[in-house]
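Taken together, the values in this text are just the output of simple stated rules run on the coordinates, not laboratory data. Computed from a prediction, not measured in an experiment: that's the story for all the values here. Here the Cβ is made from the backbone with ideal geometry for all residues, glycine too, and neighbour counts use every protein chain on show.
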Amino acid sequence: MGRWHPLGRKRQVAYNDNQPRRLSKSTSDTDTHRFSPITMPRRYSFLFAGLLIAFVLIGLVWAGLASQGRETQQTAASAPVPITGPSLAIPAGTTLTPSVLTPQPTVAVAVNTPTPLETKPAAVTPLPRPAATMAAVAPTPEASPPATAAPTTVRVDAAGPLSLPTIQPLLIGQGRAPARLLIPALGLDTPVLPMGWHVVEDASGVRSEWDVVDNAAGHHIDSVYAGEAGNVVLSGHNNIGGAVFRTVCVIGEPGVDFGLGDEMIVQDEAGRSFVYQVEGWQRFAEEGASIAQRQTHARYLAPTDRAQLTLVTCWPPSSNTHRVVVTGVLTGMR
């Protein structure tokens, strides 16, 4: 029977069932079929076919891996890509190209660096003002007497002169001796008595000193009578002898309501009242003063052409180192 040789063709070989099956070496067709030039190309054809199949399998595997990689890349690319910015995201399904993935200088500045917006405060609408305050009401001017000086917060040692309207005085000889002095601003009401002087001689020289009366204001006997043209001079103690001028000496100090424009009323023996208003005052040192300085101070006692009232006292209330002089002009007669 015939057999199929893996490297040869199908042949009919005669075997003797009674003899061992052995091929005769003398038969060239049967002994040399594996080394035949005809069978060699077939052997290599099978080898080439196997290699080809192997390359095809390797290519299929490589193609499958490449396809899986592309799917992974597309899946990663389909997710939103966070980009620095206020609210910028690439929607799903958008395929990014290399030009998009590669940072571009101009695009990066425009996208990643938003221009800051200047925040301005909201304009405040002014509320309407009440109608009562919208209309300007002109204050009604009040006539304040130029007489009364406001209380001071610090001591003032001089004030005036204040210009005040005056009246025609009495002629010399028509007046009578003063009898009382009233200052309404101080609540002062004191009698007036005649007052003379005496001469003093010491190391500093010769001078005159007034004999100030007690418990009353003293009228300098060398001055005119109340209401007459000239200077009416009244002196009083500030801390001894009844201290009738204790409130006069503190003029110009804080809290004192006596000052410019206030009335000083002198009543004479005939019962007439002459109103003088304060036009000024001065406080100056007297203790240790020279003769020349004392003479300068004495000018307040000198005669005047106008109708004037002069009050003289000492200061401070605890001693008499200074003098206080208050002057007023005749502004009325009652």
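Peptide packing: for 284-295, 260-271, the average count of neighbouring Cβ atoms within 10 Å per residue gives the ranking 260-271, 284-295, highest mean first.
For ILE183, neighbours were defined as the other residues whose beta-carbon sits under 10 Å from its Cβ, and their charges (Lys and Arg +1, Asp and Glu -1) total -3.
Using only alpha-carbon positions in the stretch 158-333, the gyration tensor eigenvalues give semi-axes of 24, 19, 16 Å once each is multiplied by 5 and square-rooted (largest first).
Averaged over residues, the count of other Cβ atoms within 10 Å places the peptides 314-321, 204-211 in the sequence 314-321, 204-211, highest first. Around the amide H of MET264, modelled in the peptide plane, lie the amide H atoms of TYR276, GLN277, VAL278, all under 5 Å away and 5 or more residues distant in sequence or on another chain. An ellipsoid equivalent to the stretch 192-239, defined through the eigenvalues of its Cα gyration tensor, has semi-axes of 23, 15, 8 Å when rounded to whole angstrom and sorted largest first.
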